[in-house]
Amino acid sequence: MEAFKLMKELKTNVEQEINYLPKETGLILIESAEENGRGISAKCRDAKVEDLWSLTSFFGYSTQAFVLAVNLLDRFLAMMKVQPKHLACISIGCLHIAAKTVEEECDVSSSHELIRISQCKFTVSDLSRMEKIISEKLNFQFKSVTALTFLHLYHAIALSHTSNRTEVLNLDKLEVQLKACLCRIVFSKAKPSVLALALLIQEIEALQSVDMLEIAHRLQRHLKIADGDLFYWRELVAKCMMDYSSPECSKPDNKKLVWIVSRRTAQNLHSSYYSVPELPTIPEAHWDESESEDSSEDLSSGEESLSSSLGSDAEGPYFPPCFCRQRQKPHTS
(Lines give C-alpha, C1' and ligand atoms only; values in the text may rest on other atoms or scores of the structure.)
Protein backbone atom coordinates (compact mmCIF):
# COMPACT_ATOMS: atom_id res chain seq x y z
CA MET A 1 0.00 0.00 0.00
CA GLU A 2 2.83 2.38 0.88
CA ALA A 3 4.64 1.59 -2.37
CA PHE A 4 1.45 2.22 -4.37
CA LYS A 5 0.96 5.64 -2.78
CA LEU A 6 4.59 6.54 -3.46
CA MET A 7 4.35 5.56 -7.12
CA LYS A 8 1.14 7.58 -7.50
CA GLU A 9 2.84 10.60 -5.95
CA LEU A 10 5.81 10.05 -8.26
CA LYS A 11 3.55 10.08 -11.31
CA THR A 12 1.91 13.33 -10.21
CA ASN A 13 5.25 15.09 -9.68
CA VAL A 14 6.63 13.91 -13.03
CA GLU A 15 3.63 15.45 -14.76
CA GLN A 16 4.17 18.76 -12.95
CA GLU A 17 7.95 19.15 -13.02
CA ILE A 18 8.00 20.81 -16.43
CA ASN A 19 5.99 23.73 -15.01
CA TYR A 20 8.85 24.69 -12.68
CA LEU A 21 11.81 24.43 -15.04
CA PRO A 22 13.76 27.62 -15.81
CA LYS A 23 13.64 28.65 -19.47
CA GLU A 24 16.56 26.88 -21.11
CA THR A 25 17.13 29.74 -23.57
CA GLY A 26 17.57 32.10 -20.63
CA LEU A 27 20.02 29.75 -18.90
CA ILE A 28 22.05 29.45 -22.12
CA LEU A 29 22.27 33.25 -22.34
CA ILE A 30 23.61 33.36 -18.77
CA GLU A 31 26.18 30.67 -19.57
CA SER A 32 27.37 32.61 -22.62
CA ALA A 33 27.49 36.01 -20.88
CA GLU A 34 30.85 37.65 -20.25
CA GLU A 35 31.97 37.88 -16.63
CA ASN A 36 32.42 41.65 -16.64
CA GLY A 37 29.55 42.41 -18.98
CA ARG A 38 26.20 44.02 -18.28
CA GLY A 39 24.33 40.78 -17.78
CA ILE A 40 24.59 38.00 -15.19
CA SER A 41 27.33 35.49 -15.94
CA ALA A 42 27.33 31.84 -14.90
CA LYS A 43 30.20 32.47 -12.49
CA CYS A 44 28.31 35.34 -10.86
CA ARG A 45 25.15 33.22 -10.53
CA ASP A 46 27.05 30.25 -9.08
CA ALA A 47 28.77 32.47 -6.51
CA LYS A 48 25.41 33.80 -5.32
CA VAL A 49 24.03 30.27 -4.99
CA GLU A 50 27.00 29.36 -2.80
CA ASP A 51 26.18 32.40 -0.66
CA LEU A 52 22.60 31.17 -0.36
CA TRP A 53 23.88 27.78 0.80
CA SER A 54 25.95 29.49 3.48
CA LEU A 55 23.04 31.66 4.63
CA THR A 56 20.79 28.60 4.71
CA SER A 57 23.24 26.91 7.05
CA PHE A 58 23.56 29.99 9.23
CA PHE A 59 19.82 30.48 9.73
CA GLY A 60 19.21 26.77 10.18
CA TYR A 61 16.93 26.51 7.17
CA SER A 62 16.17 23.14 5.61
CA THR A 63 17.61 21.75 2.39
CA GLN A 64 14.14 22.24 0.94
CA ALA A 65 14.39 26.01 1.53
CA PHE A 66 17.77 26.17 -0.23
CA VAL A 67 16.69 24.08 -3.22
CA LEU A 68 13.50 26.11 -3.61
CA ALA A 69 15.43 29.39 -3.38
CA VAL A 70 17.76 28.24 -6.19
CA ASN A 71 14.78 27.18 -8.29
CA LEU A 72 13.09 30.57 -7.84
CA LEU A 73 16.36 32.37 -8.60
CA ASP A 74 17.02 30.45 -11.82
CA ARG A 75 13.45 30.78 -13.04
CA PHE A 76 13.58 34.54 -12.47
CA LEU A 77 17.03 35.06 -14.02
CA ALA A 78 16.08 32.94 -17.05
CA MET A 79 13.14 35.21 -17.90
CA MET A 80 14.44 38.67 -16.92
CA LYS A 81 17.34 40.86 -18.00
CA VAL A 82 19.13 41.55 -14.74
CA GLN A 83 22.08 43.80 -13.96
CA PRO A 84 24.79 42.33 -11.70
CA LYS A 85 24.25 45.08 -9.09
CA HIS A 86 20.71 43.78 -8.48
CA LEU A 87 21.65 40.10 -8.12
CA ALA A 88 22.30 40.24 -4.37
CA CYS A 89 18.85 41.67 -3.67
CA ILE A 90 17.21 39.13 -5.99
CA SER A 91 18.97 36.14 -4.44
CA ILE A 92 18.17 37.22 -0.87
CA GLY A 93 14.59 37.87 -1.95
CA CYS A 94 14.32 34.32 -3.34
CA LEU A 95 15.72 32.88 -0.11
CA HIS A 96 13.26 34.87 1.98
CA ILE A 97 10.33 33.75 -0.18
CA ALA A 98 11.49 30.14 0.01
CA ALA A 99 11.89 30.28 3.79
CA LYS A 100 8.40 31.75 4.21
CA THR A 101 7.04 29.00 1.96
CA VAL A 102 8.55 25.90 3.59
CA GLU A 103 9.72 26.85 7.09
CA GLU A 104 7.67 27.36 10.22
CA GLU A 105 6.73 31.01 10.66
CA CYS A 106 8.59 31.23 13.97
CA ASP A 107 11.80 30.02 12.28
CA VAL A 108 11.82 32.56 9.45
CA SER A 109 14.33 35.34 9.99
CA SER A 110 13.29 38.94 9.45
CA SER A 111 14.23 40.93 6.35
CA HIS A 112 16.45 43.14 8.49
CA GLU A 113 18.33 40.14 9.85
CA LEU A 114 18.82 38.64 6.38
CA ILE A 115 20.28 41.90 5.10
CA ARG A 116 22.47 42.39 8.18
CA ILE A 117 23.99 38.90 8.10
CA SER A 118 24.47 38.85 4.32
CA GLN A 119 26.02 42.34 4.55
CA CYS A 120 24.24 43.50 1.41
CA LYS A 121 23.88 47.19 0.58
CA PHE A 122 20.14 47.53 0.21
CA THR A 123 17.26 48.36 2.54
CA VAL A 124 14.32 46.40 3.90
CA SER A 125 11.99 48.33 1.57
CA ASP A 126 14.26 47.44 -1.39
CA LEU A 127 14.02 43.77 -0.46
CA SER A 128 10.26 43.98 -0.02
CA ARG A 129 9.84 45.53 -3.48
CA MET A 130 12.11 42.92 -5.03
CA GLU A 131 10.14 40.07 -3.44
CA LYS A 132 6.96 41.57 -4.91
CA ILE A 133 8.53 41.69 -8.38
CA ILE A 134 9.80 38.10 -8.13
CA SER A 135 6.41 36.87 -6.90
CA GLU A 136 4.52 38.55 -9.73
CA LYS A 137 6.91 37.40 -12.46
CA LEU A 138 6.73 33.79 -11.22
CA ASN A 139 2.93 33.99 -10.88
CA PHE A 140 3.23 33.19 -7.18
CA GLN A 141 4.12 29.56 -8.04
CA PHE A 142 6.41 28.87 -5.11
CA LYS A 143 5.72 25.23 -4.18
CA SER A 144 7.95 23.91 -6.94
CA VAL A 145 8.63 20.31 -7.89
CA THR A 146 12.41 20.07 -7.58
CA ALA A 147 15.15 17.44 -7.71
CA LEU A 148 14.86 17.23 -3.92
CA THR A 149 11.21 16.20 -4.32
CA PHE A 150 12.27 13.22 -6.45
CA LEU A 151 15.29 12.43 -4.30
CA HIS A 152 13.03 11.95 -1.28
CA LEU A 153 10.56 9.89 -3.30
CA TYR A 154 13.24 7.66 -4.82
CA HIS A 155 14.78 7.10 -1.41
CA ALA A 156 11.43 6.14 0.12
CA ILE A 157 10.57 3.83 -2.81
CA ALA A 158 13.98 2.12 -2.64
CA LEU A 159 13.55 1.43 1.08
CA SER A 160 9.99 0.17 0.64
CA HIS A 161 11.08 -2.39 -1.99
CA THR A 162 14.08 -3.86 -0.22
CA SER A 163 14.15 -6.31 2.67
CA ASN A 164 17.58 -5.09 3.79
CA ARG A 165 16.55 -1.95 5.69
CA THR A 166 19.98 -1.17 7.11
CA GLU A 167 19.62 2.40 5.80
CA VAL A 168 22.94 2.29 3.99
CA LEU A 169 21.47 4.78 1.52
CA ASN A 170 22.19 8.01 3.35
CA LEU A 171 19.61 10.67 2.45
CA ASP A 172 21.59 13.45 4.15
CA LYS A 173 24.59 12.65 1.97
CA LEU A 174 22.43 12.68 -1.16
CA GLU A 175 21.05 16.08 -0.18
CA VAL A 176 24.55 17.54 0.23
CA GLN A 177 25.51 16.16 -3.20
CA LEU A 178 22.42 17.76 -4.70
CA LYS A 179 23.27 21.13 -3.11
CA ALA A 180 26.78 20.90 -4.57
CA CYS A 181 25.32 20.26 -8.03
CA LEU A 182 22.93 23.20 -7.77
CA CYS A 183 25.91 25.51 -7.25
CA ARG A 184 26.56 24.99 -10.97
CA ILE A 185 24.09 26.46 -13.41
CA VAL A 186 24.43 23.57 -15.86
CA PHE A 187 22.37 21.35 -13.54
CA SER A 188 19.47 23.79 -13.70
CA LYS A 189 18.94 22.59 -17.28
CA ALA A 190 18.34 19.01 -16.12
CA LYS A 191 14.89 17.63 -15.47
CA PRO A 192 14.61 17.26 -11.68
CA SER A 193 13.51 13.61 -12.00
CA VAL A 194 16.58 12.76 -14.11
CA LEU A 195 19.09 14.66 -11.95
CA ALA A 196 17.78 13.01 -8.78
CA LEU A 197 17.99 9.54 -10.36
CA ALA A 198 21.55 10.23 -11.55
CA LEU A 199 22.53 11.12 -7.96
CA LEU A 200 20.76 8.07 -6.59
CA ILE A 201 22.38 5.60 -8.98
CA GLN A 202 25.83 7.03 -8.38
CA GLU A 203 25.43 6.53 -4.62
CA ILE A 204 23.98 3.03 -5.06
CA GLU A 205 26.90 2.00 -7.28
CA ALA A 206 29.32 3.31 -4.66
CA LEU A 207 27.54 1.10 -2.10
CA GLN A 208 27.60 -1.85 -4.54
CA SER A 209 24.00 -2.74 -3.70
CA VAL A 210 22.64 -5.03 -6.43
CA ASP A 211 19.08 -4.97 -5.09
CA MET A 212 18.87 -1.19 -4.92
CA LEU A 213 20.47 -0.81 -8.34
CA GLU A 214 17.74 -3.00 -9.81
CA ILE A 215 15.11 -0.80 -8.13
CA ALA A 216 16.75 2.31 -9.60
CA HIS A 217 16.67 0.79 -13.10
CA ARG A 218 12.99 -0.09 -12.61
CA LEU A 219 12.35 3.55 -11.76
CA GLN A 220 14.17 4.59 -14.91
CA ARG A 221 12.01 2.30 -17.05
CA HIS A 222 8.84 3.39 -15.26
CA LEU A 223 9.62 7.07 -15.90
CA LYS A 224 10.76 6.32 -19.47
CA ILE A 225 14.09 8.06 -18.99
CA ALA A 226 16.37 7.38 -21.96
CA ASP A 227 19.71 5.70 -21.27
CA GLY A 228 21.52 8.50 -23.11
CA ASP A 229 19.95 11.24 -20.99
CA LEU A 230 20.68 9.42 -17.74
CA PHE A 231 24.26 8.66 -18.78
CA TYR A 232 24.85 12.32 -19.74
CA TRP A 233 23.77 13.65 -16.34
CA ARG A 234 25.50 10.86 -14.45
CA GLU A 235 28.78 11.89 -16.08
CA LEU A 236 28.27 15.52 -15.10
CA VAL A 237 27.29 14.55 -11.55
CA ALA A 238 30.39 12.34 -11.21
CA LYS A 239 32.64 15.18 -12.40
CA CYS A 240 30.96 17.64 -10.04
CA MET A 241 31.42 15.29 -7.08
CA MET A 242 35.07 14.75 -8.00
CA ASP A 243 35.68 18.49 -8.16
CA TYR A 244 33.73 19.08 -4.97
CA SER A 245 35.71 16.51 -3.01
CA SER A 246 39.05 17.96 -4.13
CA PRO A 247 41.00 20.08 -1.60
CA GLU A 248 41.10 22.97 -4.10
CA CYS A 249 37.33 23.36 -3.97
CA SER A 250 36.07 26.15 -1.70
CA LYS A 251 32.98 24.65 -0.10
CA PRO A 252 30.32 26.94 1.37
CA ASP A 253 30.19 24.91 4.60
CA ASN A 254 33.94 25.31 5.10
CA LYS A 255 34.18 29.05 4.55
CA LYS A 256 34.91 31.43 7.40
CA LEU A 257 32.59 34.16 8.50
CA VAL A 258 34.28 37.54 8.23
CA TRP A 259 32.56 40.51 9.82
CA ILE A 260 33.14 43.92 8.22
CA VAL A 261 33.13 46.67 10.83
CA SER A 262 33.74 50.39 10.71
CA ARG A 263 37.02 51.94 11.85
CA ARG A 264 35.37 53.35 15.00
CA THR A 265 33.91 49.95 15.91
CA ALA A 266 37.24 48.29 15.24
CA GLN A 267 39.00 50.74 17.59
CA ASN A 268 36.44 50.10 20.32
CA LEU A 269 36.82 46.36 19.90
CA HIS A 270 40.60 46.66 20.00
CA SER A 271 40.62 48.77 23.16
CA SER A 272 38.28 46.41 24.99
CA TYR A 273 39.84 43.20 23.70
CA TYR A 274 41.82 42.50 26.86
CA SER A 275 39.26 43.88 29.32
CA VAL A 276 37.11 40.75 29.49
CA PRO A 277 35.17 40.63 32.77
CA GLU A 278 35.67 37.54 34.88
CA LEU A 279 32.55 35.45 35.33
CA PRO A 280 31.78 33.99 38.76
CA THR A 281 32.49 30.30 39.15
CA ILE A 282 29.36 28.15 39.45
CA PRO A 283 29.77 25.70 42.34
CA GLU A 284 29.31 22.07 41.33
CA ALA A 285 27.59 21.05 44.57
CA HIS A 286 24.63 23.44 44.52
CA TRP A 287 23.06 26.33 42.60
CA ASP A 288 23.02 29.72 44.29
CA GLU A 289 20.04 31.92 43.31
CA SER A 290 21.97 35.18 43.80
CA GLU A 291 24.83 34.00 41.60
CA SER A 292 22.32 32.98 38.94
CA GLU A 293 20.98 36.52 38.72
CA ASP A 294 24.48 37.99 38.43
CA SER A 295 25.42 35.53 35.72
CA SER A 296 22.37 36.36 33.63
CA GLU A 297 23.32 40.05 33.65
CA ASP A 298 26.76 39.19 32.27
CA LEU A 299 25.16 37.09 29.54
CA SER A 300 23.08 40.00 28.30
CA SER A 301 26.21 41.97 27.47
CA GLY A 302 27.86 39.05 25.70
CA GLU A 303 25.71 39.13 22.55
CA GLU A 304 27.85 41.81 20.93
CA SER A 305 30.95 39.66 21.34
CA LEU A 306 29.48 37.03 19.02
CA SER A 307 30.15 39.24 16.00
CA SER A 308 33.63 40.25 17.02
CA SER A 309 34.75 36.73 17.94
CA LEU A 310 34.08 35.33 14.46
CA GLY A 311 36.83 37.01 12.51
CA SER A 312 39.02 35.61 9.77
CA ASP A 313 40.79 33.43 12.33
CA ALA A 314 37.62 31.58 13.32
CA GLU A 315 38.09 27.83 13.29
CA GLY A 316 35.69 25.08 12.33
CA PRO A 317 33.00 24.84 9.65
CA TYR A 318 31.36 27.88 8.09
CA PHE A 319 28.59 29.20 10.31
CA PRO A 320 28.90 26.62 13.12
CA PRO A 321 25.55 25.27 14.34
CA CYS A 322 26.18 26.57 17.85
CA PHE A 323 25.78 30.13 16.54
CA CYS A 324 22.37 29.46 14.98
CA ARG A 325 19.40 30.88 16.90
CA GLN A 326 21.07 30.85 20.29
CA ARG A 327 23.08 33.20 22.40
CA GLN A 328 26.68 32.54 23.22
CA LYS A 329 27.03 30.87 26.60
CA PRO A 330 29.97 31.44 28.99
CA HIS A 331 32.24 28.60 29.95
CA THR A 332 32.17 27.41 33.48
CA SER A 333 35.21 26.47 35.41
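The values are calculated or read from the model by the stated rules, or taken from the named source; none is laboratory data. In this text the structure is predicted, and so the values were computed from the model without any measurement. Note that we place each Cβ from the backbone using ideal geometry, even for glycine, and neighbour counts take in every protein chain shown. Protein only, heavy atoms only, side chains kept; ligands, DNA and RNA dropped before computing areas. Shrake-Rupley method; radii C 1.70, N 1.55, O 1.52, S 1.80 Å.
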Apply the Karplus curve 6.51 cos²θ - 1.76 cosθ + 1.60, θ = phi - 60°, to the phi angles in segment 207-216 and return the couplings in whole Hz, x for Gly and Pro.
7, 6, 9, 5, 4, 5, 5, 5, 4, 4
Accessible area (Å², 1.4 Å probe, nearest 10) - Phe231
120
From highest to lowest solvent-accessible area (probe 1.4 Å; ligands, DNA and RNA excluded), Trp53, Trp233 read Trp233, Trp53
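Determine the relative contact order of segment 22-138: mean sequence separation of Cα pairs under 8 Å and six or more apart, normalised by residue count, in whole percent. Mind dumping the intermediate values first?
Working: 127 pairs, mean separation 31.7, N = 117.
About 27 percent, as a whole number.
Give the carbon-plus-sulfur fraction of the accessible surface of segment 147-254 in %, rounded to a whole number; probe 1.4 Å, heavy atoms of protein chains only.
Values: 2720 of 5310 Å².
After summing per-atom areas, the C and S share lands at 51 percent.
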Once the other residues with Cβ under 12 Å from the Cβ of Ser188 are scored (Lys, Arg +1; Asp, Glu -1), what is the net sum?
+2
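Compute the signed sum of charges (Lys and Arg +1, Asp and Glu -1) over the other residues within less than 13 Å, Cβ to Cβ, of His152. The partial results should precede the final answer.
Details: positive: none; negative: Glu9, Asp172, Glu175.
Summing Lys and Arg as +1 and Asp and Glu as -1 gives -3.
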Estimated dipole of segment 1-153 in Debye, rounded to 20 [Cβ of Lys and Arg +1, of Asp and Glu -1, Cα centre]
460
What dipole magnitude, in Debye to the nearest 20, does segment 7-54 give about its Cα centre under +1 on Lys/Arg Cβ and -1 on Asp/Glu Cβ?
140
Got a number for the accessible area of His152? Probe 1.4 Å, square angstrom, nearest 10.
80
In this model, which of Lys100/Lys189; Lys23/Lys121; Lys11/Lys85; Lys121/Lys239; Lys23/Lys100 are farther than 32 Å apart at the alpha-carbon?
Lys11/Lys85; Lys121/Lys239
Rolling a 1.4 angstrom probe over the protein chains, ignoring ligands and nucleic acids, what is the accessible area of Val176 in square angstrom, nearest 10?
60
